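Okay, so here's the structure we're looking at.
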Amino acid sequence: MSATTPMLLLLGLLTLVVPLMGVTMALTPYLMPKRECFAVTVPDDAAALALDPEHAFVAALVAAALVLCLGGYGLMLYFRAKVQRYKKAQGWVAEGRRSAGFVGDEPFPKPLSLAWGLLYVPVILITLTMGIVGYPAMPDKVPLHMDLAGKVTEWADKSSGIAAFPVLFVVLIAVCLTVAHWMILRSKKGSDPAMPAASAWAYGMFARAQSVMLVGMGLLVSLLGPVIQLTFLGVLSMAQALVPIGVVVAVILVASTAVSLVYGQNGSRLLARVSADGRGGAMPRDNDRYWKGGIFYVNPDDPALFLPERFGIGWTINLGRPAAWAFVVGFALVIAGFIAASFLLT
């Protein structure tokens with residue numbers, strides 16, 4: 001296998017990200033709970049009504065992703081406005097506010113325990129041990145960057161900082177994905193008061209599947225830490241290191257798409273299967289006014305800090321809470337610290 005083959009394979013996988021994002025975004029309206037049509041709450045029965053070469057390549061990929069994201073969001077806003085007008089014309093309003101709760105142990109599926117995050121510890125220790133043991137044999141020049149032809153274009157001098165960078169990478173992955181896992185556990189549960197038991201079961205299945213995927217995805221990405229360390233130690237070439245990177249990218253893309261299609265947001269696709277009678281009725285609640293632009297939740301009266309997305313797969317944050325802004329600033333500082341440390345170490 002030539003040096004350029006792994007690079008071409010990785011570029012091919014990265015290129016597939018754009019159409020896969022497009023497919024996922026196009027399917028998003030069909031993955032949402034049927035009461036939420038383009039981020040607008042509607043009755044059940046009405047939901048069906050609305051439905052250089054290297055730099056040039058990177059620039060084209062980024063531009064395509066931006067156009068796709070911005071274009072997709074623009075389309076969502078366009079159809080959201082149409083659904084809002086139709087909702088107003090039909091006079092759809094929530095008849096009061098209904099909620100449901102369960103007392104005692106909930107007999108429903110739950111996300112994985114946060115203790116699963118301890119699986120990152122062995123990966124961190126392995127990466128650290130590899131750096132310490134292999135440091136004496138580390139080449140005087142360590143590769144940092146290569147072009148599309150597989151030729152290394154940037155090198156760094158051997159240093160303890162270079163050996164520490166893969167460890168820092170794994171720690172960052174562990175922290176970020178453990179916090180994401182914690183968000184799932186602390187989130188307000190998605191439920192439908194009209195079908196409390198069924199919706200609680202569907203949400204539990206969805207949250208559990210997402211937590212399993214999050215732990216598995218995090219461990220896969222963290223294993224790239226030892227791969228980077230082996231590259232710095234001269235055991236693997238940068239071209240060879242692209243093979244496991246490409247495998248991780250492919251597995252994550254396929255797994256995330258599959259989970260989204262099987263479960264839907266909040267388990268909506270599971271709920272549709274167990275409530276095939278098509279029961280409609282009045283809306284049990286209507287909180288459209290709290291969703292700014294359809295995706296930003298701002299409600300200072302809601303004690304929940306995290307909650308399921310209104311349009312998309314996953315969870316979001318209640319920007320109406322001061323703690324939310326502290327959370328956002330803290331996360332930004334962690335990322336900024338990692339970037340600064342990367343420059344200092346390499």
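Things worth noting here:
- Each Lys and Arg Cβ is given +1 and each Asp and Glu Cβ -1; about its Cα centre, region 213-346 then shows a dipole of about 140 debye.
- Positive end of the dipole of region 121-212 (Cβ unit charges, origin at the Cα centre): among 167, 184, 142, the Cα lying farthest that way belongs to 184.
- Based on C-alpha pairs under 8 angstrom that are at least 6 apart in sequence, region 129-252 has a relative contact order of 33 percent.
- The 1.4 Å probe gives accessible areas that order 86, 297, 263, 135, largest first, as 86, 135, 263, 297.
- The local environment of residue 306, defined by Cβ-Cβ distances under 14 Å, has a net charge of +3 under the rule Lys, Arg +1 and Asp, Glu -1.
- For region 114-226, the dipole from Cβ point charges (+1 on Lys and Arg, -1 on Asp and Glu) about the Cα centre works out to 380 debye, to the nearest 20.
- Set of lysines with alpha-carbon distance to residue 88 below 29 Å, sequence-local pairs under 8 removed: 34, 188, 189, 292
- When the Cα positions of 198, 210, 155 are compared along the charge dipole of region 142-276, 198 comes out farthest toward the positive end, with charges on each C-beta of Lys, Arg, Asp and Glu.
- Using only alpha-carbon positions in region 206-346, the gyration tensor eigenvalues give semi-axes of 38, 24, 10 Å once each is multiplied by 5 and square-rooted (largest first).
- Anisotropy class of region 141-266 from Cα gyration tensor, a/c 1.5 cut: prolate
- For a straight C-alpha distance cut-off of 21 angstrom, the lysines reachable from residue 141 (same-chain residues fewer than eight places away being disregarded) are 151, 158.
- Rg(Cα)/(2.2 N^0.38 Å) for region 299-346, N = residue count: 1.53
The values are calculated or read from the model by the stated rules, or taken from the named source; none is laboratory data. Worth saying up front: this structure is predicted, and the values here are computed from it rather than measured. Neighbour counts run over all protein chains shown; Cβ positions are idealised from the backbone, glycine included. Just so you know, the surface numbers come from the protein's heavy atoms only, side chains and all, with ligands and any DNA or RNA stripped out. Shrake-Rupley method; radii C 1.70, N 1.55, O 1.52, S 1.80 Å.
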